[in-house]
Structure formats: C-alpha cells, structure tokens
Amino acid sequence: MPSSNFSLFTMHIVFVFSLSMVPLMILACPINFGYVRNITWYDPSCFNASSIVSNESQCCHTIKSLFSLGLAQHLNVSSMFLLPDNNTSVSCLKDFQVELGSLEVPTHWVSTCLDSEYFVSSPSFCDRIESLDDWFSIVGKETLINSYCKDNLYHSNYRCSNCLTAIRSTLQNGLMLIN
C-alpha cells in the first residue's frame with residue numbers, strides 16, 4: 001500500500017473511531033451513585049416482591065430521595081440543579097438502576113418512580129432557576145439557609161428542623177419576588 005493511501009486509511013480509521021466515542025462521552029452520567037451501596041437507607045418495601053408497584057408507594061419515595069442525593073452531589077460539583085439533556089438523564093437512571101440492582105432491588109422500581117425528563121434542566125422548569133448563580137440572583141448569597149444548614153444535621157432533629165424552616169422561609173420570601 002503506498003504511503004499516501006496508508007495515511008488516508010489511517011485518518012479514516014481514526015475519524016470513524018473518534019465518531020464512535022462521541023455518543024459514549026455525551027451519554028456519560030456525571031453522577032457517581034456508589035453512595036447507594038454505602039449509606040443506610042434500607043426500605044423493606046423496595047425488596048419485597050409483593051409490594052404494590054406505584055409511583056406513590058413508600059419505595060418510590062425512598063428511590064426519589066436516594067436519587068436526589070446524587071443530584072445534590074451533581075449540584076455541588078457543577079453548580080447546576082439538574083442534568084443537561086435527556087440522554088444524560090437516561091444514562092444516569094440506568095447507572096442508578098445498576099447500583100440498586102447490585103443490592104437486589106427489583107429493576108422495575110426506577111422506571112416506575114423516576115422519569116428521565118423530570119431531571120433535565122430547562123428555563124421553564126422552576127422559574128428559570130437552573131444554576132446556583134440563578135438561585136443567588138433571586139434570593140441572594142446570604143440567607144437563613146447559610147446560618148441554619150451549615151452544621152452536620154445528622155445527629156440533631158433540632159438543627160434539621162431549623163434548617164428546613166430556613167429553607168421554607170427563603171423559598172417563600174425569595175421566590176415570591178419572582179411572581
């Protein structure tokens with residue numbers, strides 16, 4: 001094979017290979033759901049095969065809370081409340097399902113409880129609040145949340161209660177300005 005044909009063939013192979021990698025990069029979930037195996041969250045209804053499969057079930061509330069921890073992790077890393085597109089969201093739900101499956105949670109719970117479109121960032125989703133910058137531009141950087149939610153809330157119902165009250169107050173006062 002002459003060198004010009006070999007170069008052309010090599011460039012073609014590299015181009016095709018690089019195109020085949022694009023979907024993998026786009027679909028990669030930015031959230032590591034390893035925490036699902038490392039925190040205590042056991043809900044018997046998620047493991048019981050005879051549980052009623054419903055979006056309003058106790059297990060769905062647990063599944064939604066567990067997934068929300070991943071979104072909080074994503075917010076902390078990216079400053080974005082939700083995921084950039086539906087393909088990424090679908091990828092994250094699959095990764096989340098794999099983690100739950102490793103604990104022998106039936107696979108139907110993720111598709112029953114979580115809709116990929118709900119986790120996609122959109123200006124119409126929450127009064128145009130998509131990022132921390134959007135949030136700060138509405139409620140400011142210094143809120144009651146900074147004071148009441150900064151400590152470890154795990155060991156104190158009192159601190160947790162105060163934090164929730166601060167969040168409600170900030171939401172009511174800050175988001176009322178939008179309307």
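Assorted remarks:
- Simple spin-label estimate for Ser51 and Ser65 in nanometres, 7 Å along Cα-Cβ: 1.2
- Cross-link reach is defined here as a Cα-Cα straight distance under 16 Å, omitting same-chain residues fewer than 8 places apart; for Lys150 the aspartates and glutamates meeting it are Glu142.
- Considering only the Cα atoms of segment 55-177, their convex hull presents on average a projected area of 8.8 nm².
- Positive contributions from Lys and Arg (+1) and negative ones from Asp and Glu (-1), summed over other residues with Cβ under 13 Å from the Cβ of Ile167, come out at +3.
- Relative contact order of segment 39-148: 29 percent, from C-alpha pairs under 8 Å at least 6 residues apart in sequence.
- Across segment 29-121, the convex hull enclosing all Cα atoms gives 81 Å³ per residue.
- Estimated inter-spin distance, Lys94 and Arg128, nm [label 7 Å along Cα→Cβ]: 3.5
- Residues Thr112, Thr143, Thr107 in ascending order of nearby Cβ atoms (within 10 Å, fewest first): Thr107, Thr112, Thr143.
- Full extension of the chain between Ser147 and Gln172 yields a length gain of 7.3 nm, computed as 0.36 nm times the residue separation minus the alpha carbon distance.
- Dipole magnitude for segment 29-121: computed about the Cα centre from +1 point charges on Lys and Arg Cβ and -1 point charges on Asp and Glu Cβ, it is near 140 debye.
- Candidate aspartates and glutamates - alpha carbon under 16 Å from Lys94, same-chain residues fewer than 8 apart omitted: Asp85, Glu104, Asp115, Glu117
No lab work stands behind these numbers, since they all come straight from the coordinates. In this text, all values refer to a predicted model and were calculated from it rather than measured experimentally. FYI the Cβ positions are ideal-geometry reconstructions off the backbone, even for glycines, and counts take in every protein chain you see.
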